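Read the figures in this text as sums done on the coordinates, not as results from a lab. Keep in mind the model is a prediction, meaning the values are calculated, not measured. Using ideal geometry, Cβ is built from the backbone for each residue, glycine included, and neighbour counts are taken over all protein chains shown.
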2 protein chains.
Amino acid sequence: MSDDISAHLRLTQGPVDLSAIGTDAAPGFEGSKADGRAALAAMGPELADLQERLWAERTAGSERRVLLVLQGMDTSGKGGVLRHTIGLVDPQGVRITSFKAPTEEERAHDFLWRIEKGLPAAGFIGVFDRSHYEDVLIARVRGFADPDEIERRYGAINDFEARLADEGFSIIKCMLHVGLDEQKDRLAERLANPEKHWKYNPGDLDERALWPAYREAYEIALERTHTDVAPWHVVPADKKWFRNLAVGQLLLDTLRGLDPQWPAADFDVEAETKRLHEESPVQ
Amino acid sequence: MSDDISAHLRLTQGPVDLSAIGTDAAPGFEGSKADGRAALAAMGPELADLQERLWAERTAGSERRVLLVLQGMDTSGKGGVLRHTIGLVDPQGVRITSFKAPTEEERAHDFLWRIEKGLPAAGFIGVFDRSHYEDVLIARVRGFADPDEIERRYGAINDFEARLADEGFSIIKCMLHVGLDEQKDRLAERLANPEKHWKYNPGDLDERALWPAYREAYEIALERTHTDVAPWHVVPADKKWFRNLAVGQLLLDTLRGLDPQWPAADFDVEAETKRLHEESPVQ
């Protein structure tokens, strides 16, 4: 039922018009919220199995790994995806890296320096909560880098991601596409609920006021960095359940494509079995 | 029903005799396997809520964090605890550090050097899959360090953990106590199932042959490093469901004891609400 979500979300080549992509839609899924939640839960066992195989493969020297990049405006639900979708797999095999405003040390290096350090090791599902794309999004909107440098970065990102793909990374890039009105509701909810005040920052409204500039920066970034080895997906994010399901489906499709296999024994199974059963009394 | 598990598992002061602690027991819990699994699942929401509060607190400058240390012989189920118990909380707030045989660089430093680097940041639940205790366990049994150095380490560990406690760490130390026969069954299962061959290593049998030496090393380590700020718990681990439940209960009790609070807003809620609702049209 949810098998063609991925195809619906994958960006096509060419100019990107985010205003033409509905934020409240559930493309490729015909079902209710309850159906969507059930569909996500139903993915759990297969996701967990595939993740364990990927994890096992690394013990036989495989370099394969997954990198899920989550981008989106404030309240678009990066944290919700981590909790509800990534929470379905064994935490041992997951590495989450959150990128905040760069430190002074990070700013003294090329923008990809800190990204390299956050990459998942072989066998892991790595998740970037924000990423190197901030360096062509907020950096562009706020003028943190000059236009020549921003321009250079699109190419640098494509080179970087191509290198990762060569090294065994399967890259899934998701822009969580939340609507302006939905964002307002979510910010209002954070303000209305004392248990959510910690999630609110007055700067959120300053960023919100720059919405059109962010939309344009996203459109340019998506168009310039949508490649065969690291394609973008625009995930309608007003429906939380669809957002979680959609990212789950993208992850599932990627892992299915990898088709990781249990590694063969690198020891003599029969001899070891004999050794175990014929051991001298230990205790 | 499971509230007094923790008290049963906590080591008492004085000499430790592991052979007197049943590996197949379920101390403090009166119920079946199904009851135990249900009890663990029932902890999920409270664990998740407390974890989120701890996570939120850090945004207001709290230095508090949890460090769960998992030790145990091969097959005792450190991985199972990570999957089933730690998997109940938001993966964003968890940092798992697995300690394998030290690298050459790590061996060139004091044994606690790599441990420091694996510590959780404020707000996190950190989990050590093996730990600095390997440096008084395998290091003692295999003679990787001379006796004077091993002797020094017990005190160094106590000093280290006392410092962590001062810095805001709540430390939970668990020895997953698996029986010799149960370990044999689990190794046999790994050998019999090609999907589990990757988990088996011929070295596992060499370690198993040293079982009495490991038991002694554990007994000494537990006795010497059982302190008020970092007490040991011996968790019977033959019943996987009890092992997972017991660690869940220890984590839950620790978080309840911390009683983390939602931080108060550091901004003017009313003014921000007004700003949000009176904003100029953005789009």
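Considering all different alpha carbon pairs of chain A, the Kirkwood hydrodynamic radius works out to 20.4 Å. For B:Ser98, the amide hydrogen comes within under 5 Å of the amide hydrogens of B:Asp129, counting only partners 5 or more places away or on other chains and with H modelled in the peptide plane. Note on the range A:41-97: percent of Cα-Cα distances in each 5 Å bin, starting at 0 and stopping at the bin with the largest distance, equals 4, 16, 25, 23, 16, 10, 4, 1, 0. Need one word for the protein assembly as shown: rounded, prolate or oblate. Basis is the Cα gyration tensor (sqrt eigenvalues a ≥ b ≥ c); a/c below 1.5 gives rounded, then a/b vs b/c decides. Because a/c hits 1.5 or more and a/b exceeds b/c, the protein assembly as shown counts as prolate.
Explain nothing, just the number: dipole magnitude of the protein assembly as shown about its Cα centre with +1 on each Lys and Arg Cβ and -1 on each Asp and Glu Cβ, in debye rounded to the nearest 20.
Dipole about the Cα centre, nearest 20: 540 debye.
Sorted from closest to farthest, the other copies place their A:Thr59 label points 4.0 nm away, with each point set 7 Å from Cα along Cα→Cβ.
Taking amide H as placed 1.01 Å from N in the peptide plane, A:Thr227 has its amide H under 5 Å from the amide H of A:Trp232, each at least 5 places away in sequence or on another chain. Residue of chain A with the smallest Cβ distance to the axis mapping A onto B, distance rounded to whole Å: A:Pro91, 3. What's the whole-number percent of alpha carbon pairs in the range B:126-283 lying beyond 20 angstrom? Everything past 20 Å amounts to 65 percent. For A:Lys33, the aspartates and glutamates whose Cα falls under 16 Å of its own Cα, not counting residues fewer than eight places away in the same chain, are A:Asp24, A:Asp238.
Mean-square fluctuations from a GNM of chain B, with a 10 angstrom spring cutoff on Cα atoms, peak among B:Glu105, B:Glu46, B:Glu270 at B:Glu270.
Label-point distances for B:Ala20 to the equivalent site in the other copies, using a point 7 angstrom along Cα→C-beta, read 7.8 nm when ranked shortest first.
A point 7 Å from Cα along Cα→Cβ stands in for A:Trp113, and the other copies hold the same point at 2.3 nm, listed in rising order.
Normalising the average separation of contacting C-alpha pairs (under 8 angstrom, six or more residues apart) by the number of residues puts the relative contact order of chain A at 34 percent. Note that the range A:208-271 carries a Kirkwood radius of 15.6 Å, evaluated over its alpha carbons pair by pair. In this simple spin-label model, placing a label point 7 Å from the Cα along the Cα-to-Cβ direction at both A:Arg107 and B:Leu180 gives a separation of 6.3 nm. Rounded to the nearest Hz, the phi-derived 3J(HN,Hα) couplings of the range B:193-202 under the Karplus curve 6.51 cos²θ - 1.76 cosθ + 1.60 (θ = phi - 60°) are 10, x, 6, 10, 4, 5, 8, 9, 9, x, where x marks glycine and proline.
Farthest toward the positive end of the dipole of the protein assembly as shown, out of B:Ala162, A:Gly118, B:Ala264, is the Cα of B:Ala264, where the dipole comes from beta carbon charges about the Cα centre.
A Cβ-based charge dipole, computed about the Cα centre of the range B:42-128 with Lys and Arg at +1 and Asp and Glu at -1, lands at about 80 debye. When DSSP beta bridges are restricted to pairs lying wholly in the protein assembly as shown, around 5% turn out antiparallel.
With Cβ to Cβ distances under 13 Å as the rule, what net charge do the other residues near B:Glu195 carry (K, R +1; D, E -1)? Don't jump to the answer; show the numbers that get you there.
Numbers: positive: A:Arg53, B:Arg190, B:Lys196, B:Lys199; negative: A:Asp49, A:Glu52, A:Glu57, B:Glu189.
Spelling it out: positives minus negatives among the neighbours equals 0.
Amide H contacts under 5 Å for B:Val69: B:Phe128, B:Ile172, B:Lys173, B:Cys174, restricted to partners 5 or more places along the chain or on a different chain, H placed in the peptide plane at 1.01 Å from N. Looking at the range A:5-277, the DSSP beta bridges with both ends there are about 5 percent antiparallel.
Between the range A:72-107 and the range A:147-226, the alpha-carbon centres lie 13 Å apart. Rank A:Gly72, A:Gly31, A:Gly126 by mean-square fluctuation in a GNM of chain A with C-alpha springs under 10 angstrom and give only the top-ranked residue. Result: A:Gly31 has the largest fluctuation of those listed. Given the rule -39500 (n - 2.57) for each run of at least 4 DSSP H residues, summed and divided by the residues of chain B, what is its mean residue ellipticity at 222 nm, to the nearest 500 deg cm²/dmol? Value at 222 nm, helices only, nearest 500: -14500 deg cm²/dmol. Under a 10 Å cutoff between Cα atoms, tell me which one of A:Asp181, A:Asp238, A:Asp129 has the largest fluctuation in the Gaussian network model of chain A. Fluctuation is largest for A:Asp181.
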